[in-house]
Structures are given as structure tokens and as C-alpha cells.
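The values are calculated or read from the model by the stated rules, or taken from the named source; none is laboratory data. Quantities reported herein were computed from a predicted structural model and do not represent experimental measurements. FYI the Cβ positions are ideal-geometry reconstructions off the backbone, even for glycines, and counts take in every protein chain you see.
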Amino acid sequence: MGQERPRPRRARRRRTARLLGTGARLALVFALFTAAASAVYLLNDARDAEADRAHPVKRRRPVASGQVPAALATATGVLLALGSAGAAALLCGPLTAALLVAYLAIQVAYCLRLKHVLVADLAVVATGFLMRAMIGGVALGIPLSRWFLITTGFGALFMVAAKRYSEAVQMEGAEGATRALLTQYTTGYLRFVWQLAAGAAVLGYCLWALEAGPAETSLPWRQLSVAAFVLGVLRYAVFADRGTAGAPEDVVLRDRPLAVIGLAWATLYGMSVAGL
């Protein structure tokens, strides 16, 4: 009997060790992906510096404004890309490393060529956000639902298309488009894309919420979170429809009703996970 008492203590130590290991993996993958994404932004800004100087907002970027030489931005981007890929190969699992390298390859291809290909430019940017979710799930050993991936992918496409639509509306009739591809899209087509993507994201989320989730003892919180998700999409669509969603981070961070809806969604889904 005396030998059985320490077992709960050992179990707690094992749980603590697992949590610390998960936290360390999360921090490592976050740092590597931040370096990879920074590399892509630096390379893209260096290549687009001339066009960005004609944009009322983008001309303030460090490379476009002349604060950072394009050659320095390119060299730093290359070093960050190689460093993050090498570190992922040495420190992460093979699948996590492969996904990060694939992300870099796709985004570099976007900077060099795909940004000038109709539809492919939208798909590649949305895929970048989807791959971030995939890498996080793989690195932490979290099973990724197909409906979650569909929701993430189409949700990203919704925001990307809304951003392009807003840019096209703002540059309509202006002399010299800063993004050549915007002149090949019509505002009607971009509106169709973000509306289609919003509908697909909502459908994917509904199917995700209806999947067998954590055991619940009272209300179906996971299913109820659909209402908050749909309201969030509808609220964001207000800015997309106005053509003022050109800076998604500003919409998400500065709109208080959207923040309240986001908090409501997090609360409902958190209660589902907790099994309340």
C-alpha cells in the first residue's frame, strides 16, 4: 500500500512534462514560422518597392520609402528562409519541416510569378493561411478535421478576396494601378469570389460543429457557436461590401462589435471543449 501513494504525484509530473514539451514545440514552430513568413514579406516588398511607391499607404513601407535598401531586404529574406528551413529540418518532425518548406516554396513562387496569374494569386495567399493552421496542428499532434481545414481555407479566401475587392474599388478610376493584376479583375468578379468563399466557410463550419466533439453535459455549445461564427462573417462582410476591408487586421482589431462577436464565439466554443 505504501508504494502506491506516489503514483498520483508521478502522474502529475508526467502531465506537467507533457505540457512543457507541448509548449516548447509550440514556441519553436511559432518562431520558425514567424521567420519564414518574415522572409516572404521581405522578398515580396523588395520586388514590389517600385509599385508600392505609387500606393497612398504602401509607399510608407520601409523598402518603398527608402528606409531599407531593397538589396538588404532581399538578403535578409533569403537568410531567414534558409535558416528557418534548416532549423525545421533539424529540430522538428519530418512532416512539420516538409510543410514549412512547402510553405516557403509556394510563397516564393508567388513573389516571383504566381502573383501575376489570375485566380492563382488568390488561392496561394489563402493557402498560406491554411498551411499555418496545418503546421500548428501537426506540430502539436492535434488531429485536424477536414471540415476545419475547409472552413479555414475558405475563410482565408473570403478575407483575401474582400481585400482585393476593396483595393480594386479604391483604385477604380485612378491612374496607374499599383497591383497590375487588379486591372484584370472586375469588381463584380471579386465580389462574387468573396461571397462564394463566405458561404463555403459557413457551410464548412456548420459541418465541423455537427461532428462528434467533446462530451457535453448541458447545452450543445459547439453547435450554438455556429450563430456567433455566422454573425462574425456577416459583420466582416459589411466592410467588404463597402470596399473598406483592404486592411483585414484593422477591421478585426478596431471594430468593437466584431470583437464582441469573436469573444462570444470563443466563450461558446470554450464551453464546448470544457464539456460544461
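Summary of values
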quantity: Neighbours by Cβ (under 8 Å, 6+ apart or cross-chain): first from region 96-124, within 20 Å of Ile150 (Cα to Cα); second of a type in the set (Lys, Arg) and assigned to a helix (DSSP H, G or I); calculated: Tyr103/Arg132; Asp121/Lys115; Leu122/Arg164; Val124/Lys115
quantity: Matching option when the condition is within 20 Å of Leu149 (Cα to Cα) and modelled with pLDDT under 90, among Gly270, Gly243; calculated: Gly270
quantity: Among (1) part of a helix (DSSP H, G or I); (2) surrounded by 18 or more Cβ atoms within 10 Å (Cβ to Cβ) - the single one Ala64 does not satisfy; calculated: (1)
quantity: Evaluation of Val117 against (1) at pLDDT 85 or above; (2) more than 26 Å from Gly77 (Cβ to Cβ) (one fails), failing number; calculated: (2)
quantity: Every residue from region 75-116 that is outside any helix (DSSP H, G or I) and in contact with a helix residue (DSSP H, G or I) (Cβ under 8 Å, 6 or more places away or on another chain); calculated: Cys92, Gly93
quantity: Every residue from region 61-79 that is within 24 Å of Ala247 (Cβ to Cβ) and either over 24 Å from the mean Cα position of the chain (by Cα) or of a type in the set (A, V, I, L, M) (or both); calculated: Val63, Ala64, Ser65, Gly66, Gln67, Val68, Ala70, Ala73
quantity: Which numbered condition Arg59 fails, given (1) part of a helix (DSSP H, G or I); (2) touching a residue at least 12 places away in the same chain (Cβ under 8 Å); calculated: (2)
quantity: Residues located in region 236-270, provided they are among the charged types (D, E, K, R) and either outside any loop (DSSP other than H, G, I, E, B) or loosely packed, with under 14 Cβ neighbours inside 10 Å (or both); calculated: Asp241, Arg242, Glu249, Asp250, Arg254, Arg256
quantity: Residues located in region 174-192, provided they are modelled with pLDDT of 70 or more and not in a helix (DSSP H, G or I); calculated: Gln184, Tyr185, Thr186
quantity: Residues of region 36-61 classified as surrounded by fewer than 15 Cβ atoms within 10 Å (Cβ to Cβ) and of a type in the set (A, V, I, L, M), total; calculated: 1
quantity: Leading residue by the ranking (surrounded by the most Cβ atoms within 10 Å (Cβ to Cβ)) among those in region 139-165 that are at pLDDT below 90 and small (Gly, Ala, Ser); calculated: Ala139
quantity: Test: Ser38 is assigned to a helix (DSSP H, G or I) and under 27 Å from Ala197 (Cβ atoms); calculated: yes
quantity: Filter result (of a type outside the set (Phe, Trp, Tyr), in contact (Cβ under 8 Å) with a residue 12 or more places away in the chain and closer than 17 Å to Leu100 by Cβ) within region 126-140; calculated: Thr127, Gly128, Leu130, Met131, Arg132, Ala133, Met134, Ile135, Gly136, Val138, Ala139, Leu140
quantity: Any chance Val226 is assigned to a helix (DSSP H, G or I) and at pLDDT below 95; calculated: yes
